[in-house]
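To start, the structure under review is shown below, and the notes come after it.
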Amino acid sequence: MDGSRTSLDIEEYSDTEVQKNQVLTLEEWQDKWVNSKTAFHLEQGHQLLKKHLDTFLKGKSGLRVFFPLCGKAVEMKWFANRGHSVVGVEISELGIREFFTEQNLSYTEEPITEILGAKVFKSSSGNISLYCCSIFDFPRTNIGKFDMIWDRGALVAVNPGDRKRYADTMLSLLGKKFQYLLCVLSYDPTKHPGPPFYVPHAEIERLFGKICNIHCLEKVDAFEERHKSWGIDYLFEKLYLLTEK
């Protein structure tokens with residue numbers, strides 16, 4: 001790997017359209033859980049969030065925090081343990097059940113009357129509710145507004161053709177004085193079809209810029225040995241904070 005590829009100052013790839021026709025179905029995502037193809041799951045949680053979490057929360061309690069495409073993210077427990085109310089959406093019922101099992105949390109489940117075939121799983125403590133449905137069906141639950149969104153592995157997983165619809169859905173769920181924490185990935189999209197998909201800064205501006213102030217908090221080298229199988233030779237993760245204009 002040449003030296004320029006290890007620099008955090010590497011230029012973003014200019015062709016933002018190269019992955020635009022890539023599509024994964026909900027069934028394909030469910031199959032990833034069934035076949036344990038979930039390398040995106042971080043058993044120790046997301047280290048950038050851990051680093052900045054107390055700065056974001058500022059000692060507050062009782063915030064409503066939303067996790068889109070939550071999987072079995074351990075960070076949901078982090079927020080719940082600090083006194084916040086967590087709501088997640090995940091298409092895989094298996095992923096949701098694994099979360100409660102691995103976090104040693106008892107839970108109940110019930111059908112969601114507004115969405116045919118969907119369920120909600122609620123921790124017995126009442127502060128974690130995970131909805132098993134499509135992210136695009138979720139607003140039909142009339143769940144209300146959120147103070148914070150933690151979007152790690154969600155925007156980068158949504159089919160590129162659905163990003164505008166996804167961003168509009170997220171913005172519709174945000175209350176006043178919100179904090180939207182967003183992680184995206186930078187790599188050469190001509191070498192890997194995704195997911196996770198490449199999301200450049202210009203795309204974030206296009207999707208959220210009219211409503212949000214956009215600030216890149218940190219950019220880190222996220223390249224690991226396993227990423228060589230993607231055909232890429234660099235991978236950067238960027239943490240953004242989006243706030244109300």
Output the 0 to 90 degree angle, nearest 10, between the alpha-carbon long axis of helix 93-102 and the longest principal axis computed from the alpha carbons of the chain. 80
Projected label distance in nm at Glu225 and Glu98, using a 7 Å step from Cα toward the beta-carbon: 2.2
Give the carbon-plus-sulfur fraction of the accessible surface of the stretch 112-160 in %, rounded to a whole number; probe 1.4 Å, heavy atoms of protein chains only. 47
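Considering only DSSP states other than H, G, I, E and B, which trypsin sites (Lys or Arg not before Pro) in the stretch 172-219 qualify as loop sites with at most 15 other Cβ atoms within 10 Å? Before the final figure, lay out each step's value.
Values: sites: Lys176, Lys177, Lys191, Arg206, Lys210, Lys219; in loops: Lys191, Lys210.
Passing sites in the stretch 172-219 are Lys191, Lys210.
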Search the structure for amide H atoms under 5 Å from the amide H of Phe178, placed 1.01 Å from N in the peptide plane, and list their residues when 5 or more places away or on another chain. Glu244
Could you name the lysines in cross-link range of Lys228, using Cα to Cα under 23 Å and dropping any fewer than eight places away on the same chain? Lys20, Lys32, Lys37, Lys191, Lys219, Lys238
16 Å reach of a label modelled at Lys176, 7 Å along Cα-to-Cβ, counting backbone N of the stretch 122-152: 145-148
Specify the angular offset, from 0 to 90 degrees and rounded to the nearest 10, of the alpha carbon long axis of helix 47-57 from the longest principal axis of the alpha carbons in the chain. 60
Between Ser124, Ser186, Ser134, find the one with the highest GNM mean-square fluctuation for the chain; connect C-alpha pairs within less than 10 Å. Ser124
State, as an integer percentage, the relative contact order of the chain based on alpha-carbon contacts under 8 Å between residues 6 or more apart. 20
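Helix-only mean residue ellipticity at 222 nm, the chain, DSSP H runs n ≥ 4 weighted -39,500 (n - 2.57), per residue, nearest 500. What is it? Show your work: numbers first, answer last.
On the way: 6 runs with 55 residues, N = 245.
Helix contribution divided over all residues of the chain: -6500 deg cm²/dmol.
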Counting only heavy atoms of protein chains, what accessible area per residue, in Å², does the stretch 78-130 have with a probe of 1.4 Å? 47
To the nearest 10 Å², what's Met148's accessible area with a 1.4 Å probe? 0
Of all GluC sites (Glu not before Pro) in the stretch 167-240, the ones in DSSP coil with at most 13 other Cβ atoms within 10 Å are Glu224
With at most 15 neighbouring Cβ atoms within 10 Å, loop chymotrypsin sites (Phe, Trp or Tyr not before Pro) (DSSP) excluded, longest segment of the chain: 137-245
Report the paramagnetic label zone for Asn213: residues of the stretch 134-170 whose backbone N is under 18 Å from a point 7 Å from Cα along the Cα-to-Cβ axis. 147-149
Starting from the amide H of Val89, placed 1.01 Å from N in the peptide plane, find each other amide H under 5 Å away whose residue is 5 or more places distant or on another chain. Phe67, Leu69, Cys70, Tyr131
Three principal axis extents, largest first, for the C-alpha atoms of the chain, in Å? 52, 40, 31
Between helix 163-172 and the chain: long-axis angle, C-alpha atoms, 0 to 90°, nearest 10: 40
State, to one decimal in nm, how far the label point of Asn81 lies from the label point of Lys50, with both points 7 Å from Cα in the Cβ direction. 1.0
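The values are calculated or read from the model by the stated rules, or taken from the named source; none is laboratory data. Computed from a prediction, not measured in an experiment: that's the story for all the values here. Cβ coordinates were reconstructed from backbone atoms using ideal geometry, including for glycine residues, and neighbour counts include every protein chain displayed. Note: areas computed on protein heavy atoms with side chains; ligands, DNA, RNA excluded. Shrake-Rupley method; radii C 1.70, N 1.55, O 1.52, S 1.80 Å.
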